[in-house]
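Taken together, the values in this text are just the output of simple stated rules run on the coordinates, not laboratory data. This one's a predicted model, so the numbers in the text were calculated from it and none came from an experiment. Here the Cβ is made from the backbone with ideal geometry for all residues, glycine too, and neighbour counts use every protein chain on show.
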Amino acid sequence: MSEWRDAINRKALARLTKALPPLFPRAALTHALARRFAPPMPRLAIDSYWRAHPLRADRLARALAARSGAPDGWTWRLGDGKADGLGANFRTPPAPYRESRFARGPGFCCVCGQPVYRLGWHVDLWNRGANRNAVWHSACVVAWDFWRGPADHAGLLKRLQRRRCAATGGRLWKTAEVDHRVPLFRVWREHRDTAWPSLLAFWGAPNLQVINRDVHAGKCAEEARFRSTGVDLMVGD
Ligand SMILES: [Zn+2]
């Protein structure tokens, strides 16, 4: 088994080394070389690095978005989740540069609005300018997935909390669930006018916690009551 893996790894490393540009982000290379299966291409090495570090990707995406700021005239609105690029409901992170009205076009990231460089990197290490074939940073893809599905990262978030329930301080059970401290329906109801991208922190690590299921059930009941009143609900849910 391990001989087979070594053979595959040798080939992958040879391909990676051959394809590697003279300048390559050091952290991503270190990560690639330490993998059980080395990613065979530079682009895969970068993607693999960010996938292994969703919290870094979350922080970076929000920092890049802060450089862009919100476009003039933008407010957080909901749509049908289709052509206009507006989110269908308040669970979708607000992303002005995904909206057709404000998109900056090829070479700019639709999540943060900043230029995308070679290999989906966020810094122009190669002095080649924006990559006109790209509309996502590699980091922003991972951040977006993290914001949309934080439950997929329960293990990581549990470790951050040393396996203690964020609500009660007791031990987290296996069935513990990822929760937004400020629930997203309240973000929409009460914090909708927060400037972008500060708004994004409600989807990122600063607003995420893992709590035991019984505590979570209580919070969800509150949301259900809100939703059943229909107040403020728009298209989608
Ligand atoms: Zn980006």
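Summed over segment 116-134, residues that are buried (at least 18 other Cβ atoms within 10 Å of the Cβ), more than 9 Å from the ligand (Cβ to nearest atom) and free of Cβ contacts under 8 Å to residues at least 40 places away in the same chain total 4. Residues in segment 68-90 include none that are within 16 Å of the ligand (Cβ to nearest atom), surrounded by fewer than 19 Cβ atoms within 10 Å (Cβ to Cβ), hydrophobic (A, V, I, L, M, F, W, C) and farther than 30 Å from Ala7 by Cα. Scoring Ala45 on the criteria (1) of a type outside the set (Lys, Arg); (2) outside any loop (DSSP other than H, G, I, E, B); (3) touching a residue at least 40 places away in the same chain (Cβ under 8 Å) leaves a single failure, condition (3). Which residues, taken from segment 10-62, are aliphatic (A, V, I, L, M), surrounded by 14 or more Cβ atoms within 10 Å (Cβ to Cβ) and closer than 30 Å to Asn207 by Cβ? Within segment 10-62, Ala28, Ile46, Ala52, Leu55, Ala57, Leu60, Ala61 meet the criteria. Per the conditions (1) among the charged types (D, E, K, R); (2) assigned to a loop (DSSP other than H, G, I, E, B); (3) more than 21 Å from the chain's Cα centre (by Cα), the sole criterion not satisfied by Arg10 is (2).
Glu99 passes every criterion in (1) within 14 Å of the ligand (Cβ to nearest atom); (2) more than 27 Å from Pro25 (Cα to Cα) apart from (1).
Of all the residues in segment 48-66, those that are touching a residue at least 24 places away in the same chain (Cβ under 8 Å) and under 23 Å from Arg192 (Cβ atoms) number 6. Among residues that are more than 22 Å from Trp147 (Cβ to Cβ) and within 15 Å of the ligand (Cβ to nearest atom), Pro106 is included.
Residues in segment 135-159 that are over 14 Å from Gly204 (Cα atoms), more than 16 Å from the ligand (Cβ to nearest atom) and in contact (Cβ under 8 Å) with a residue 12 or more places away in the chain: Lys158 alone.
Once segment 71-94 is narrowed to residues that are of a type in the set (A, V, I, L, M, F, W, C) and without any contact (Cβ under 8 Å) to a residue 40 or more places away in the chain, the residue that is farthest from Trp147 (Cα to Cα) is Ala83.
For residues that are out of contact with any Cys (no Cβ under 9 Å at 6 or more places or on another chain), of a type in the set (Gly, Ala, Ser) and under 21 Å from Gly79 (Cβ atoms), tally how many sit in segment 94-149. Residues that pass the stated criteria total 4.
Per the listing Ala38, Ala70, the residue uniquely part of a loop (DSSP other than H, G, I, E, B) and either of a type in the set (S, T, N, Q) or farther than 25 Å from His191 by Cβ (or both) is Ala38.
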